[in-house]
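The values are calculated or read from the model by the stated rules, or taken from the named source; none is laboratory data. Keep in mind it's a predicted model, so treat the numbers as computed, not measured. Quick reminder, even Gly has a Cβ in these numbers, built from the backbone with ideal geometry, and neighbours come from all protein chains shown. Surface areas here come from the heavy atoms of the whole protein model, side chains and all, with no ligands, DNA or RNA. Shrake-Rupley method; radii C 1.70, N 1.55, O 1.52, S 1.80 Å.
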Amino acid sequence: MIAFQLKRSSRDLVGHTVLILFPLALIFFFDYLYKNINIETGMGTGGQSPITALVIGFALTFQIYGSALSFETLAEDLFSPMQDRIFSSPVEIRFIVLSILTSSTLVSFLQTAILLVFSSIILGASFPSLPFVLLVLLVSVVFNQLFGTVLLLLTGGVKTANMVTTIYGSIVPMTVGLYFPLPKGEFFRLLRMYGSPMSLANTASLAVMEGQIRLFIICLAVLLLLIAVLFFCLQPLVRRISI
Amino acid sequence: MLLQVDEVIKRFGSTLALDCCSMQVEEGEVIGLLGPNGAGKTTCIRSIIGLIPIDEGSITVFSQKQDGKNREIRRNIGYVTQEITIYEQMSGRDNLAFFASLYGMDKLSIANRIEEVAQIIGLEGRLDDKPKHYSGGMKRRLNIGCALMHSPRLIIMDEPTVGIDPQSRSFILRFVKQLARDGSTIIYTSHYIEEVEAVASRIYIMDNGHMIAQGTLPELIARIQGDHFIEVEVRIASEEKKLQLQQLPDVKEVALEGNRYRIVVPGGIPVLDKIVLILSEQGLVTINTKQPNLEDVFLTLTGKQLRDEVQS
């Protein structure tokens, strides 16, 4: 079933192009600004180069939009006439939901990985402790896919889920300082580092690259906790739509 | 008994969708379920499959009570949905394989069954194409094929030929008849009387949530054997004249289809002269009396012309 869902996800060439090329274009653009117009990134880069922080920031941002991979696929199966075909079979709906979640997570993670590889080859971005950075990015993908799915099942409509993730994906990167520096002060520092799941993933990635293992573990643990909460929310929501 | 529906009542809010609806299906039968829009056909089917809970009555499928949770019942039903429910971006083969996998079939059985089903639905050469490149008729055939993959004991087809060309319709009817000859049990709902006449061994007629009649075609026709059916074609037909005809004391039903009035009158009553008198100003073209068919049965029992319902 997962193989079918993976094949199905891979057919959305327009979606993949947008989710890979668009962040790449933005990374190029911001990198150009940093190099030529002498403006600074608002993200706390620590000891890393601005391009590395940019790549992580945009990868995390487009993971939020990538949550549509699962909720749009789920909506096609569970909130359309296809529902009757699937519900009339003996398959348990949670298997359908889990297979779509798994395949969408893999595809979204692959998009992130491609982004990192391209940035590394073309723009010279470097990612120390790469396996741990990838781990954080994978955890972030899982969070976003679950978040989109819970939203869809909660609201019962793909439009609402799309609207919420679009608004969320537009505002949250600003609080991380991706587009412009945030004002100085403790509140904004906390907001930038821990204010949202994206901040936590961003902080964890930068922390592990700088060898701040404690900070990395704390942020990753909170993200995993959020995933557990979403997963527990998912169970009754799936039961609710199952016959 | 493969299926027993007993006095089922289903309400949607204040609307009574099924009103003491009963039905029996024996193994190997092809049941035609006929009724106008909103008669309750799809609700009846969805209740049988367990997609919606019923309010009163009982449904027994394969000698097991249908409570909506029985996976064994679902495993043995193949449901052809009224809307085309296939993945347009996946190949025909992928679609057949995926829907078979939902029924727990293993890869080898799926691979073998795909070839058999492809032959039944006539898509042998096109399985590796995506349905978005198929014609409407081919999509419909794949839609049916997906429900046949797991060799169900009971196949339920909800308007399987809606919106396709006559050639594709006749192809589908041919293979439905073949499935019936091979011993499949089928419930076939349709708006098209000629389809139900062609495939069904027994027919249920539904209207307003009731099963108003059931039987073989000769049995149903025998119910109205005493009636005569007169078809009058005129140059210019009008609703006003239809009303005038309906008001004649000896006329049971009148339907207007294009420029043709279909009139049901009790046998042995000389009413033709009155009919001619009313319609003479409209320019009479032809007058026929004919043997009753299923359409006449439907008209007599429901007072409705099924074809008009389709057009509306």
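Numbers at a glance
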read-out: Subset of the range B:59-91 (residues that are over 15 Å from B:MET157 (Cα atoms) and within 8 Å of chain A (Cβ to nearest Cβ)); value: B:GLY68, B:LYS69, B:ARG71, B:GLU72, B:ARG75, B:TYR87, B:GLN89, B:MET90
read-out: Residue in the range A:46-68 that is touching a strand residue (DSSP E or B) at 6+ places or on another chain (Cβ under 9 Å) and in a helix (DSSP H, G or I) present; value: no
read-out: Residue match in the range A:56-74 (condition: buried (at least 21 other Cβ atoms within 10 Å of the Cβ) and under 30 Å from B:LEU154 (Cα atoms)); value: yes
read-out: Enumeration of residues in the range A:63-100 that are more than 9 Å from chain B (Cβ to nearest Cβ) and without any contact (Cβ under 8 Å) to a residue 60 or more places away in the chain; value: A:ASP77, A:LEU98
read-out: Options B:GLY145, B:GLY78, B:GLY122, B:GLY92: the member that is touching a residue at least 24 places away in the same chain (Cβ under 8 Å), open to solvent by 10 Å² or more (accessible area, probe 1.4 Å) and assigned by TED's automatic domain parsing to the domain that holds B:GLY209; value: B:GLY122
read-out: Hits in the range B:256-275 (condition: open to solvent by 50 Å² or more (accessible area, probe 1.4 Å) and at pLDDT below 90); value: B:GLU257, B:GLY258, B:GLY268, B:ILE269, B:PRO270, B:LEU272, B:ASP273, B:LYS274
read-out: The listed residue being open to solvent by less than 70 Å² (accessible area, probe 1.4 Å) and within 30 Å of A:ASP84 (Cβ to Cβ), out of A:LEU151, A:LEU200; value: A:LEU151
read-out: Enumeration of residues in the range A:130-170 that are in contact with a Gly (Cβ under 8 Å, 6 or more places away or on another chain) and under 30 Å from A:TYR32 (Cα atoms); value: A:VAL141, A:ASN144, A:THR165
read-out: Subset of the range B:128-142 [more than 22 Å from the chain's Cα centre (by Cα) and surrounded by 20 or more Cβ atoms within 10 Å (Cβ to Cβ)]; value: B:PRO131
read-out: Odd one out for B:GLN225 among (1) modelled with pLDDT of 90 or more; (2) open to solvent by 40 Å² or more (accessible area, probe 1.4 Å); value: (1)
read-out: Criterion violated by B:GLU219 - all others in (1) under 29 Å from B:ILE9 (Cβ atoms); (2) touching a residue at least 60 places away in the same chain (Cβ under 8 Å); (3) open to solvent by 50 Å² or more (accessible area, probe 1.4 Å); (4) not hydroxyl-bearing (Ser, Thr, Tyr) satisfied; value: (2)
read-out: Subset of the range B:164-192 [open to solvent by 10 Å² or more (accessible area, probe 1.4 Å) and under 10 Å from the mean Cα position of the chain (by Cα)]; value: B:HIS191, B:TYR192
read-out: So B:GLY50, is it at the interface with another protein chain (Cβ under 9 Å from one of its Cβ atoms), farther than 26 Å from B:GLY163 by Cα, open to solvent by less than 40 Å² (accessible area, probe 1.4 Å) and not aliphatic (A, V, I, L, M); value: yes
read-out: Any chance A:LEU13 is within 14 Å of another protein chain (Cβ to nearest Cβ), open to solvent by 70 Å² or more (accessible area, probe 1.4 Å) and modelled with pLDDT of 80 or more; value: yes
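To keep it simple, each residue is scored yes or no on (1) without any contact (Cβ under 8 Å) to a residue 24 or more places away in the chain; (2) more than 30 Å from B:LEU18 (Cβ to Cβ); (3) touching a helix residue (DSSP H, G or I) at 6+ places or on another chain (Cβ under 9 Å); (4) assigned by TED's automatic domain parsing to the domain that holds B:ILE193.
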| residue | (1), (2), (3), (4) |
| --- | --- |
| B:ARG235 | no, yes, yes, no |
| B:LEU243 | yes, yes, no, no |
| B:ILE275 | no, yes, yes, no |
| B:GLN282 | no, yes, yes, no |
| B:PHE298 | no, no, yes, no |
